[in-house]
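The values are calculated or read from the model by the stated rules, or taken from the named source; none is laboratory data. The shown structure was predicted, so the numbers you read here are calculated from the model rather than taken from an experiment. FYI the Cβ positions are ideal-geometry reconstructions off the backbone, even for glycines, and counts take in every protein chain you see.
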Amino acid sequence: MIIRRFKPSDAPHVCEIYYRSVHEVACAKYSDAQLSAWAPKVPEPHKWMQRLCEYDTFVADNDAGRPVGWIAMSGTGYIDILFCLPEATRSGVAALLYAAVERVALERGIAKLTAHASLLAESFFQKLGWVIEEHETIVRDGVDIPRAAMSKALAVEQKWA
């Protein structure tokens, strides 16, 4: 497994990973209506490109060099996206991707990471020391989708002058 920075040619792959993960993995916790509201179709890569290039976005490639997961974190430490192909779940891919962004956050002196985690991702983040700030519901296309606002305080080194 190789974890590397996102490049523009990855856009179609990450859009497919997102869609498949929502519909084939998150289905364990969400209804068909919720899944359809969350990801009605595979996103258009050019629409996501700017955001992904502005974030610290990492891609996990399998041994064949094919993307199997990805994560995106804003400059303020907000983890916006973390998805893996169904066949890559529970294989350590998400943990490797997460470690990459946490390392970047620590290097930048970011004291706290935040995310809005799906019901499926809650336990993953909790195992890594995250806490649930609150459960909330967002509405997409008239459908309620529950999630959790979560955070993790980081042990940032103090730099003395």
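What is the residue count in the range 107-124 for residues that are surrounded by fewer than 15 Cβ atoms within 10 Å (Cβ to Cβ) and not in a loop (DSSP other than H, G, I, E, B)?
3
Quick check on my filter: what residues within the range 143-156 are out of contact with any strand residue (DSSP E or B) (no Cβ under 6 Å at 6 or more places or on another chain) and farther than 20 Å from Cys27 by Cβ?
Result: Leu154, Ala155, Val156.
Looking only at the range 40-66, which residues are surrounded by fewer than 22 Cβ atoms within 10 Å (Cβ to Cβ), under 14 Å from the mean Cα position of the chain (by Cα) and either assigned to a loop (DSSP other than H, G, I, E, B) or modelled with pLDDT of 90 or more (or both)?
Answer for the range 40-66, where residues must be surrounded by fewer than 22 Cβ atoms within 10 Å (Cβ to Cβ), under 14 Å from the mean Cα position of the chain (by Cα) and either assigned to a loop (DSSP other than H, G, I, E, B) or modelled with pLDDT of 90 or more (or both): Tyr55, Asp56.
What pairs can you find where one residue is in the range 15-31 and part of a loop (DSSP other than H, G, I, E, B), the other is at pLDDT below 95 and buried (at least 17 other Cβ atoms within 10 Å of the Cβ), and their Cβ atoms are less than 6 Å apart, with a gap of 6+ or different chains?
Here the result reads Val25/Thr89; Lys29/Leu120, each pair linking the range 15-31 to a residue that is at pLDDT below 95 and buried (at least 17 other Cβ atoms within 10 Å of the Cβ).
Can you tell me which residue within the range 3-38, out of those that are of a type in the set (A, V, I, L, M) and more than 17 Å from the chain's Cα centre (by Cα), is nearest to Ser118 (Cα to Cα)?
Among those residues, the one meeting the criterion is Ala28.
Given (1) touching a residue at least 40 places away in the same chain (Cβ under 8 Å); (2) surrounded by fewer than 21 Cβ atoms within 10 Å (Cβ to Cβ), where does Val131 come up short, assuming only one miss?
(1)
Report whether or not Ala111 is closer than 24 Å to Arg51 by Cβ, at pLDDT below 95, among the hydrophobic types (A, V, I, L, M, F, W, C) and more than 15 Å from the chain's Cα centre (by Cα).
Considered against the rule, which asks whether it is closer than 24 Å to Arg51 by Cβ, at pLDDT below 95, among the hydrophobic types (A, V, I, L, M, F, W, C) and more than 15 Å from the chain's Cα centre (by Cα), Ala111 comes out as yes.
Quick check: is even one residue across the range 76-87 more than 26 Å from Ala37 (Cα to Cα), touching a residue at least 24 places away in the same chain (Cβ under 8 Å), out of contact with any helix residue (DSSP H, G or I) (no Cβ under 8 Å at 6 or more places or on another chain) and not charged (D, E, K, R)?
yes
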